[in-house]
Amino acid sequence: MDEITLQMIHLLKTRTDIAKEIGKIKKNIGKGVTDELREDNLRGKVIALCKDLELDETIATKFLNFLLNESVKVQSSDKQTHLSIFLKAKTLEEQGKKIIHMEVGEPDFLPPPIVKSALEEVFDEGFLKYGPSKGMTVFREALSKHISNKFNVKTTSDNIIVSPGARFSIFTAITTLLNPGDEMIVIEPAWPAYKDCALNSGIKVRTIGTTLEDKWEPSVEQIKNSINSNTKMIVLNYPNNPTGKILDEKVQDDIVELARKNNLYVLSDEIYSEYSKNSWKSVLNYNYEKSIVTQSFSKSHAMTGFRIGYAIADSKIIEKMAKLEALCLTNVSEPIQYIAMKALEADISNNSNTMKNRLDVLIQKAKEIGLDFVTPDGAMYIFARVNQNDFDGVRFANSALERGLAVAPGEGFGNYKNFIRISACQDEKILIEGMNMLSNIMSENK
Ligand code: PMP
């Protein structure tokens, strides 16, 4: 037994070394890390071999998923995302350089005024101790009322878990509901953390690529074909970061139906719902017991720094997520929960109007400078293709940063090397200045 195991370790070393070499070649020729077709081919061969050997195919494909993930890890160790550009921009600012931030999704306006008074009163209110891992009962009750009214659904406090930002709910949902070797479907372009959470937990991501030409609409057929016995979850994020796309309702209905038929979890990240320009349907409205919806105060209430969000799901799912949250955090800071509870009372319609106007300015300028994009239905970004020979978003974002403009490279959101994401989170004057700079840098790059 020892001998066989050691042989496997030798083979793993050889496989990893080859994966590294292939990674370098892919990078040089501008190819993305994951090649779904290639992986499918290999999967087919593994399944055929299992039949010959009379070996359980589920175990073998889980093992294959482990190997594929190891290749993805070694090939994407230096992947650059909006976060890496943001961190570099922050360092440059500390050195005294002026940067226009169009790379991150962080509204520049203030949280609602009630947040300020809540900050002052929380000490006297006494929300200062350890508390339930799912979040304070009064806050979860307020959230469930808010959600029930907003979406016309029946939700109780047992259906809510409070987390430090939606990010942590996404992490706990993926990590607790799925096991190593399981598969999760992600429609790209996508916020990078879904994939990274999966990779971190040994879960294989099946990517469904969408294109500008198809107006970022995914093919339900393609999703259907990627489902197998290891598939456990599909992730949705509409309005989408980075494209601003809202799914056609029929397509969304079909995807949820597909999930129902195949007993898959639907993780629907709806943190941009307050910023939808067109009609939009929450996954909560499907009344599907295996759905998990994430929400956050970061964007809707401009409270990014408070780190507060929540998830809505069946109470059994919430209990599982709460176990991991208790292990990692004990509970979310009580003073912050109190402040967010107060923020729920604020009228935030002004925020969505402001963002809509800014997005309109950005759209106008992007058209003027000849960027190729689909007009977003919501969120706060434009995901644009730059039609220049050999355009490389990472190289471009780094050179723009040296000139004082931060934009996000498309590569962070999937295989979109010739795209950049521009965010509308500054006031209109700054946005126009930034877009003029972008136009100049693009002309020089030609
Ligand atoms: N989901 C998406 C799609 C996001 O863009 C972000 C943040 N940019 C998050 C989740 C995380 O938000 P939070 O600040 O609530 O953790």
Practice item. Pull up the range 5-45, narrow it to residues that are of a type in the set (Val, Ile, Thr) and either in a helix (DSSP H, G or I) or in the same structural domain as SER226 (by TED's automatic domain parsing) (or both), then point me to the one that is farthest from ASP78 (Cα to Cα). Key: THR5
Study note, to complete from the structure: Log entry, pairs with first residue in the range 155-167 being on the phi > 0 side of the Ramachandran plot and within 7 Å of the ligand (Cβ to nearest atom), second being at pLDDT 95 or above and part of a loop (DSSP other than H, G, I, E, B), beta carbons closer than 6 Å, six or more apart or on different chains, reads GLY165/ARG307
**Study point:** Flag for ASN230 being open to solvent by less than 10 Å² (accessible area, probe 1.4 Å), touching a Lys or Arg at 6+ places or on another chain (Cβ under 9 Å), touching a residue at least 24 places away in the same chain (Cβ under 8 Å) and polar (S, T, N, Q)
**Key:** yes
Check your understanding: Residues of the range 38-75 being more than 18 Å from ILE22 (Cβ to Cβ) and of a type in the set (D, E, K, R), which ones?
Key -> LYS51, ASP52, GLU54, ASP56, GLU57, LYS62
Review point. If we only count strands (runs of 3 or more DSSP E) wholly inside the range 149-262, which ones have 3 or more residues that are among the hydrophobic types (A, V, I, L, M, F, W, C)?
Key: 160-163, 183-188, 231-236
Check your understanding: Can you name the residue in the range 347-382 that is within 16 Å of the ligand (Cβ to nearest atom) and of a type in the set (A, V, I, L, M, F, W, C) and is also farthest from the chain's Cα centre (by Cα) among such residues?
Key -> ILE348
Review point. Of these, THR34, THR58, which one is touching a strand residue (DSSP E or B) at 6+ places or on another chain (Cβ under 6 Å), among the β-branched types (Val, Ile, Thr), at negative phi and in contact (Cβ under 8 Å) with a residue 24 or more places away in the chain?
Key: THR34
Exercise for review: Kindly indicate whether THR61 is open to solvent by less than 30 Å² (accessible area, probe 1.4 Å) and assigned to a helix (DSSP H, G or I).
Suggested key: yes
**Study point:** Any hit, the range 115-137, residues being touching a helix residue (DSSP H, G or I) at 6+ places or on another chain (Cβ under 7 Å), surrounded by fewer than 13 Cβ atoms within 10 Å (Cβ to Cβ), modelled with pLDDT of 95 or more and not assigned by TED's automatic domain parsing to the domain that holds VAL394
**Key:** yes
Study note, to complete from the structure: Per the filter on the range 186-206, residues in contact (Cβ under 8 Å) with a residue 40 or more places away in the chain, under 25 Å from VAL251 (Cα atoms) and open to solvent by 20 Å² or more (accessible area, probe 1.4 Å) are TRP191
Practice item. May I ask you to say which residue of LYS281, LYS316 is free of Cβ contacts under 8 Å to residues at least 60 places away in the same chain, in a loop (DSSP other than H, G, I, E, B) and either over 27 Å from VAL235 (Cα atoms) or open to solvent by 20 Å² or more (accessible area, probe 1.4 Å) (or both)? Key: LYS281
Practice item. Among what's in the range 90-122 and is out of contact with any Leu (no Cβ under 9 Å at 6 or more places or on another chain) and free of Cβ contacts under 8 Å to residues at least 12 places away in the same chain, pick the residue that is farthest from the ligand (Cβ to nearest atom). Key: GLY96
Revision key, fill the gap. Quick count over the range 261-313, residues being touching a Ser or Thr at 6+ places or on another chain (Cβ under 8 Å) and either away from the ligand (no atom under 14 Å from the Cβ) or of a type in the set (Val, Ile, Thr) (or both), is 17
Practice item. Just need a number here: residues in the range 172-185 that are open to solvent by 50 Å² or more (accessible area, probe 1.4 Å) and either of a type in the set (Asp, Glu) or within 16 Å of the ligand (Cβ to nearest atom) (or both). Key: 0
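The values are calculated or read from the model by the stated rules, or taken from the named source; none is laboratory data. Note that the structure is a prediction, hence the values are computed from the model and not measured. No Cβ is skipped: glycine too gets one built from the backbone with ideal geometry, and neighbour counts run over all protein chains shown. Surface accessibility is based on the protein's heavy atoms, side chains included, excluding ligands, DNA and RNA. Shrake-Rupley method; radii C 1.70, N 1.55, O 1.52, S 1.80 Å.
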